[in-house]
1. Any idea which of (1) in a helix (DSSP H, G or I); (2) free of Cβ contacts under 8 Å to residues at least 24 places away in the same chain is the one B:Tyr55 doesn't satisfy?
2. Which members of segment B:101-120 meet the condition of being closer than 20 Å to B:Leu40 by Cα and either assigned to a strand (DSSP E or B) or aliphatic (A, V, I, L, M) (or both)?
3. Taking B:Pro8, is it modelled with pLDDT of 75 or more, surrounded by 12 or more Cβ atoms within 10 Å (Cβ to Cβ), more than 14 Å from chain A (Cβ to nearest Cβ) and in a loop (DSSP other than H, G, I, E, B)?
4. Which pairs do you get when a residue that is of a type in the set (A, V, I, L, M), found in segment B:190-202, comes within reach of a residue that is surrounded by fewer than 19 Cβ atoms within 10 Å (Cβ to Cβ) and not in a strand (DSSP E or B), reach meaning Cβ atoms under 8 angstrom, with the pair 6+ apart or on two chains?
5. For the structure I just gave you, tell me whether A:Val74 is facing chain B (nearest Cβ under 10 Å), farther than 22 Å from B:Ala142 by Cα and either among the β-branched types (Val, Ile, Thr) or without any contact (Cβ under 8 Å) to a residue 40 or more places away in the chain (or both).
6. Identify, please: which residue in segment B:184-206 is farther than 19 Å from B:Gly75 by Cα and exposed (fewer than 14 other Cβ atoms within 10 Å of the Cβ) and is, among those, nearest to the other protein chains (Cβ to nearest Cβ)?
7. Within the group B:Asp129, B:Asp178, B:Asp195, B:Asp204, which residue is part of a loop (DSSP other than H, G, I, E, B) and either over 20 Å from B:Pro39 (Cβ atoms) or modelled with pLDDT of 90 or more (or both)?
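The values are calculated or read from the model by the stated rules, or taken from the named source; none is laboratory data. What you are looking at is a predicted structure, and each value in this text was computed from that prediction instead of being measured. Here the Cβ positions follow ideal geometry from the backbone for every residue, glycine too, while neighbour counts run over all protein chains shown.
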Amino acid sequence: MSLPLRGQIQWEDLAVEIAAIGRLPVERVVPEAGLIDDLGYDSLAVAELIVLLTEEYEITTLPGDLETRDWSKVTVGQLREECGGGTA
Amino acid sequence: MTETTTPPAFVPQPARIPADQLVSDVGIAERAAEFRAAPLRGPYATLRVIQPEDYPFLRTLETSSEVATRWRLRGTTPGPEQWVQSLWNGVMVQFVVAETKTEKPIGLVALYAPNFQEGHARLGAGRFDLHSRNPVMIFGVAMFLEYVFHGWNLRKLYMDLPEYNYPQFSSGLGRFFDIEGRLREHTFASGRYWDELTLAIYRDRWQSEGARLLGTEASKFGAAANATVGGAA
């Protein structure tokens, strides 16, 4: 895993982080996968991911609509775009 | 005949601390500067005390929705006075969790049945929207755990719940909590028996692993400096 870059995360790093929090094989973390329905994330895992992306990678735009966002519709690909990540 | 001996009389020893230090205030100012209050208000979640004005809303919620069968009342509908008593029965500290931005109440957290001799207590936490996967409630619970471990010398907290409530935060197993008890087919609900689980949250693990959930809540946004009981209320 490469060193975190401020304000963005590379695709491969994002996939590894999502897999680690969800205790999943990284192969399952594909752009079209939904965090909750496909990867089995619960609200604790979502909270961990937000803290990680905000604190470690300094992605400050992500929590903007935290209260109103429907996390059941969020896919890995959407997160990648919001986090300024590279291509898959 | 056995000869008995009288134990030597206890002779108090003089204090070994020099007398000039016993009455001095050396170091007190430095130690006092280390005092900090645990935050009750973060960028997403706020913990505020329950006011009597909250009672109608809370009672309606606890007795008339899906919450009624999943929470402590398990579908029963106690009268108003009895309900208030049950809300505070054995409770040491209890807060409404609210969204900081909207002040909308989203859940309850409580510490009850403390045992300071053994260093444990029981934790209750429930969100009002049972189907939500919004992480704001998690930030509220994390702030509450910090508040508890910061304020009382408890070494572990137990959380009792029927297994049908477990999937809401099962990802924390082994990282934030362990399952230390399981009563088989203990609880009857939704037409069948369910196991009752006892989760344990340890102080040391919380401080090494769980407290990072507070990163956004407390450290980065300086929530501690703005902490007030009652928060946004």
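1. It is condition (2) that B:Tyr55 fails.
2. Once the filter is applied, which keeps residues that are closer than 20 Å to B:Leu40 by Cα and either assigned to a strand (DSSP E or B) or aliphatic (A, V, I, L, M) (or both), segment B:101-120 yields B:Pro105, B:Ile106, B:Gly107, B:Leu108, B:Val109, B:Ala110, B:Leu111, B:Tyr112.
3. No; evaluated as a whole, the condition is false for this residue.
4. So the pair list comes out as B:Leu197/B:Glu163; B:Leu197/B:Tyr166.
5. yes
6. Only one residue fits best here, namely B:Asp204.
7. Exactly one of B:Asp129, B:Asp178, B:Asp195, B:Asp204 is part of a loop (DSSP other than H, G, I, E, B) and either over 20 Å from B:Pro39 (Cβ atoms) or modelled with pLDDT of 90 or more (or both), namely B:Asp129.
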